[in-house]
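Taken together, the values in this text are just the output of simple stated rules run on the coordinates, not laboratory data. These numbers were taken from a predicted model, which means no experiment stands behind them. For neighbour counting, all protein chains shown are included, and Cβ atoms are generated from backbone atoms with ideal geometry for every residue, glycine included.
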Amino acid sequence: MLRPPLCERCGAPTAWPVGRCRECSGRRLALASARAAVEYDEGVRRLVAAWKERGLRRLAGDAAELVVARVERPCVGLLTFVPPDPARVLIRGHHPAERLAHELSRRWELPVAPLLARRRQIRHQRGLTRAERRRNVAGAFRPDAESPPRVALVDDVYTSGATANAAASALRRGGARRVEVVTFARVVR
């Protein structure tokens, strides 16, 4: 489990409270904050694989329950999600981030809407360095609708923050002034 103190910006566990930690210090971030319910350890990795790759869609509800229990409800007007890769949706039959956003929408009583679209296909992030991940998703998303001033971006796992930051940047281009990222799990370095 992720326990305080956490970096105010990216949500990484820290030794003491900090505004920006070693992980996000010196990086231009479009997101105002990122929070996750659990650490992406081996047990969580297996759960996420079952949810994403083996079609256990009901796990989205369980993930949402953990998020609601551990992450403070964002002070936003709307939830959105990282847009899906159409090829992966065809293979999986669902989009985990969208499903989690809808589950959180019901629990937090916040509307959810698709605000982003993919500009281009991106290659899998697995196995890429942090710098390669940032380059891989740079410019990959575009606004597909006008964003409210405060929006929460939902995804399943926060790994390096590259996808969240690229999506948050597109939301900002669409009118958002503050983007808070909410994920089920987070990689801890």
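In the chain, helices alone account for a calculated mean residue ellipticity at 222 nm of -10000 deg cm²/dmol, with every DSSP H run of four or more residues adding -39,500 (n - 2.57).
With the simple model of a label 7 Å out from the Cα in the direction of the Cβ, E8 to A113 spans 3.0 nm. For the chain, list the cysteines whose Cβ sits under 4.7 Å from no other cysteine Cβ? Result for the chain is C75, no neighbouring Cys Cβ within the cutoff. With N counted as the residues of the stretch 99-174, its alpha-carbon radius of gyration over 2.2 N^0.38 Å works out to 1.15. DSSP beta bridges confined to the chain are antiparallel in about 15 percent of cases. Proximity of backbone amide H atoms, modeled 1.01 Å from N, is registered between G175 and S147 at under 5 Å, excluding neighbours fewer than 5 places apart on the same chain. Specify the residue with the greatest mean-square fluctuation among P17, P96, P111, computed from a Gaussian network of the chain linking alpha-carbon atoms under 10 Å apart. With Cα springs under 10 Å in the chain, the top fluctuation among P17, P96, P111 is at P17.
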